[in-house]
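Visitor: Before I ask anything, here is the structure I am working with.
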Amino acid sequence: MSTTPNPQASDHPAATQAPSCKLSASPHDAPPSPAGKRPAPPCTLVIFGAGGDLTKRLLMPALYNLAVDGLLDGAMKIIGVNHGERETSEWREDLHKSLQQFAADKASTFHAGKLDDHAWNWVAQRLEYKAGEFETDDIFTKLKQELEQSPGSNVIFYLAVSSRFFKPIVEHLGKAGLLKEGEGGSGGFRRIVIEKPFGTDLASARDLNAHILSYAKESQVYRIDHFLGKDTVQSILAVRFANALFEPIWRREYIDSVQITAAETIGVEGRGKFYEQTGAFRDMVPNHLFQLLGMVAMEPPNSFDAEAVRDKKAEIFDAIQPLTPDDVVFGQYEKGPAGVGYREEPNVAPGSTTETYAAARVFVENWRWAGVPFYLRTGKRLAARRTEISVQLKPVPFLLFRDTPVDALTPNVLTLRIDPAHGTSFDFNVKTPGPVMQVGGVQSSFDYADFFAERANVGYETLLYDCMLGDATLFQRADSIETSWCAADDVLHPKSGGALPVHGYAAGSEGPAQADALLARDGHAWRPLQQHAVEKK
Ligand code: BG6
């Protein structure tokens with residue numbers, strides 16, 4: 001989340017001060033790009049998993065978008081490592097084809113239309129393929145020889161591989177001396193980017209952190225949660241802290257409850273094998289949903305400095321009251337209007353008890369949030385695709401309306417829409433037209449597309465760019481990963497023994513009835529997934 005000075009703010013007193021350290025510390029004198037940012041420092045990006053889906057779907061589109069914006073240095077190199085011999089030209093062609101397909105696909109987040117040939121050629125020229133096994137020395141020796149040819153070079157090792165390769169790759173990099181920086185090292189920076197899943201529970205996450213940190217310093221490790229790459233997620237801090245309307249009421253005295261939803265219409269697609277081992281809870285809750293919770297609940301940091309932001313978020317993860325099985329509902333989709341049941345999906349056991357839906361009631365035990373429930377839900381094959389956060393305010397006294405025909409006031413709700421809609425909406429009450437004092441709920445909405453030129457963006461652009469700049473704000477620190485898993489541990493390994501029951505729900509529905517009961521016992525109800533806007537009367 002690099003901060004760039006606002007060009008319109010030149011008459012502001014702060015404009016005469018030195019710009020933010022991050023920008024002034026950049027070793028580059030390159031002119032600012034059209035986006036107002038500077039190109040990242042030169043570096044070699046080594047992608048382990050060059051033939052995988054992540055590289056095609058997310059990394060290449062993101063690199064292409066950064067090239068379009070002029071945010072990459074001319075000396076950049078991209079080395080793709082994968083098992084299986086092939087020519088660089090073949091890899092390039094394969095990437096080009098898939099980039100063209102995604103660009104043409106209206107349903108893709110990278111729906112750019114026609115590719116800019118100049119930008120693609122710029123990226124293509126810098127691609128180099130190397131065959132190698134992730135668990136043997138050979139490829140690491142080759143990489144070392146190649147990287148030694150450019151002393152002082154900056155290198156990012158991107159682990160776009162299955163999580164079982166995280167440990168061996170880091171170990172080989174460490175043992176080959178490829179992670180040494182500064183004195184005795186290469187002189188340039190050496191960074192490792194690690195995808196999720198980062199462990200499968202507290203014990204495995206601790207073990208993975210300990211392993212990585214025996215070869216690299218924490219400052220070299222960039223743990224990705226791709227939700228943090230979304231502009232709408234980064235905007236949560238802007239909505240909260242840049243608006244006098246919201247900032248003072250963002251606390252237990254005014255907020256009744258918060259709902260965080262990440263609902264999907266897709267099923268497990270081709271990922272049955274992965275999903276059987278993972279389930280909706282591990283896949284989404286202690287990472288993506290907790291990250292959203294962190295952004296909603298954190299105290300204001302003193303600046304956008306990476307550690308300032310991450311310290312405040314870490315306090316929240318630390319304050320999450322450990323979830324108990326009583327606060328969590330699991331579900332699994334069954335045959336319904338949207339298609340077959342989970343157990344009929346490829347690579348899924350016919351008697352599988354893996355959850356494809358998880359809902360949780362979470363409390364953040366600190367001064368600001370004591371007593372405010374945060375309701376989290378996520379699931380596959382639900383009625384609508386919707387990632388959003390709804391903040392419901394406490395009711396006002398009804399006193400004034402008791403002698404009017406008004407029966408009840410609808411609660412004020414601020415909804416932050418993350419995906420696929422980008423924007424906010426606010427539900428509030430007004431007097432309905434006519435001679436009688438009657439009150440009706442209305443909704444005021446803001447859509448990013450109405451105000452800003454939105455470009456096909458896969459969310460990895462900012463993350464890659466920030467990693468090149470050394471800005472770790474949007475990446476997860478070891479301590480936060482561990483406290484998040486810690487809060488979830490009793491759900492994954494219930495002290496009472498048996499696993500949580502998994503309730504059926506029809507594919508294409510709102511989720512299991514037991515999830516409704518979870519909120520009903522507090523007098524609350526989920527925001528319906530299907531009905532969004534307040535209906536016009
Ligand atoms: C991934 C999960 O991390 O996030 C997927 O593994 C899920 O199961 C995806 O579909 C959701 O991300 P997004 O950005 O599509 O909402």
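Visitor: Please work out how much length the chain gains when fully extended from Asp138 to Ala513, using 0.36 nm per residue of separation minus the C-alpha to C-alpha distance, in nm with one decimal.
Guide: Gain on stretching Asp138 to Ala513: 129.6 nm.
Visitor: Which number gives the lysine pairs in the stretch 44-142 that have C-alpha atoms under 18 Å apart and are eight or more places apart or on different chains?
Guide: Count of close lysine pairs: 11.
Visitor: Amide H of Gly80: which non-local residues (sequence gap of 5 or more, or other chain) have their own amide H closer than 5 Å, using H built in the peptide plane?
Guide: Answer set, sorted by chain and number: Ile47, Glu128, Tyr129, Lys130.
Visitor: Between the stretch 504-518 and the stretch 268-310, how far is it from one alpha carbon centroid to the other, in angstrom?
Guide: The distance from the Cα centre of the stretch 504-518 to that of the stretch 268-310 comes to 23 Å.
Visitor: Using Cβ contacts closer than 10 Å as the measure, can you line up Thr404, Thr88, Thr278 from fewest to most?
Guide: Exposure proxy ranking, most exposed first: Thr404, Thr88, Thr278.
Visitor: Order these by the 10 Å Cβ neighbour count, fewest first: Glu510, Glu355.
Guide: Glu510, Glu355
Visitor: With 18 Å as the limit, write out which pairs from Lys273/Lys495; Lys167/Lys217; Lys175/Lys217; Lys180/Lys217; Lys167/Lys273 have Cα-Cα distances beyond it, or answer none.
Guide: Lys273/Lys495; Lys167/Lys273
Visitor: With the cut-off at 10 Å, report for the stretch 364-403 the share of all Cα pairs above it, as a whole percent.
Guide: Above the 10 Å cut-off, the stretch 364-403 has 81 percent of its Cα pairs.
Visitor: Now for a different question. What are the lysines whose alpha-carbon lies under 16 Å from the alpha-carbon of Lys37, with same-chain residues fewer than 8 places away excluded?
Guide: Within the straight-line cut-off, Lys37 pairs with Lys22.
Visitor: To the nearest 10 degrees, how steep is helix 202-213 against the longest Cα principal axis of the chain, on a 0 to 90 scale?
Guide: The helix 202-213 is inclined about 30 degrees to the chain.
Visitor: What FRET efficiency comes out for the pair Ser445/Ser89, r = Cβ-Cβ distance, R0 = 35 Å, nearest 0.05?
Guide: Efficiency at R0 = 35 Å is approximately 0.10.
Visitor: Based on the alpha-carbon gyration tensor of the stretch 88-208 and its eigenvalue square roots a ≥ b ≥ c, which shape applies: rounded if a/c is under 1.5, prolate if not and a/b is larger than b/c, or oblate?
Guide: Note, shape of the stretch 88-208 comes out oblate.
Visitor: Using alpha carbons only, how many degrees (0 to 90, rounded to 10) separate the axis of helix 478-492 from the longest principal axis of the chain?
Guide: 50
Visitor: Shifting gears a bit: Find out how many positive minus negative residues lie around Val193, taking Lys and Arg as positive, Asp and Glu as negative, among other residues whose Cβ is under 11 Å from that of Val193.
Guide: 0
Visitor: For the stretch 397-405, what does the Karplus curve 6.51 cos²θ - 1.76 cosθ + 1.60, with θ = phi - 60°, yield as ³J(HN,Hα) per residue in whole Hz, taken in order and with x for Gly and Pro?
Guide: x, 8, 2, 4, 9, 5, 9, 10, x
Visitor: Mind checking which lysines have their Cα closer than 26 Å to the Cα of Lys431? Skip sequence neighbours fewer than 8 apart in that chain.
Guide: Hits, sequence-local ones excluded: Lys394, Lys536, Lys537.
Visitor: Which whole number of Å³ per residue matches the convex hull of the alpha-carbon atoms in the chain?
Guide: 179
Visitor: Taking a temperature of 20 °C and a viscosity of 1.002 mPa s, what whole-number D in µm²/s does Stokes-Einstein yield for the stretch 167-222 with Rh from Kirkwood over alpha carbon pairs?
Guide: Rounded to a whole number, D works out at 182 µm²/s.
Visitor: Moving on. Just want the ordering: Ser150, Ser484, from fewest to most Cβ atoms lying within 10 Å of their own Cβ.
Guide: Going from sparsest to densest Cβ surroundings: Ser150, Ser484.
Visitor: So what's the back-of-envelope 222 nm ellipticity for the chain, counting only DSSP H runs of four-plus at -39500 (n - 2.57) apiece and dividing by all residues, rounded to 500?
Guide: Counting only the DSSP helices, I get -8500 deg cm²/dmol.
Visitor: Taking every pair of alpha-carbon atoms in the stretch 450-521, what share in percent sits in each 10 Å bin, from 0 to the bin with the longest distance?
Guide: Distribution as computed: 13, 20, 25, 30, 11, 1 percent.
Visitor: Calculate, for Thr432 and Asn121, the FRET efficiency according to 1/(1 + (r/R0)^6) with r their C-beta to C-beta distance and R0 56 Å; round to the nearest 0.05.
Guide: 0.40
Visitor: Next up: Only Cα pairs under 8 Å and at least 6 apart count here; give the relative contact order of the chain as a rounded whole percent.
Guide: It rounds to 17 percent for the chain.
Visitor: Counting only chymotrypsin sites (Phe, Trp or Tyr not before Pro) that sit in a DSSP loop (anything but H, G, I, E, B) with at most 13 other Cβ atoms within 10 Å, what is the longest stretch of the chain containing none of them?
Guide: 1-366
Since every read-out is calculated from the coordinates, none of them should be taken as a lab result. Every value quoted in this text rests on a predicted model; they were computed, and no experiment measured them. Neighbour counts are summed over all protein chains in view; Cβ atoms, including those assigned to glycine, are modelled from backbone coordinates with ideal geometry.
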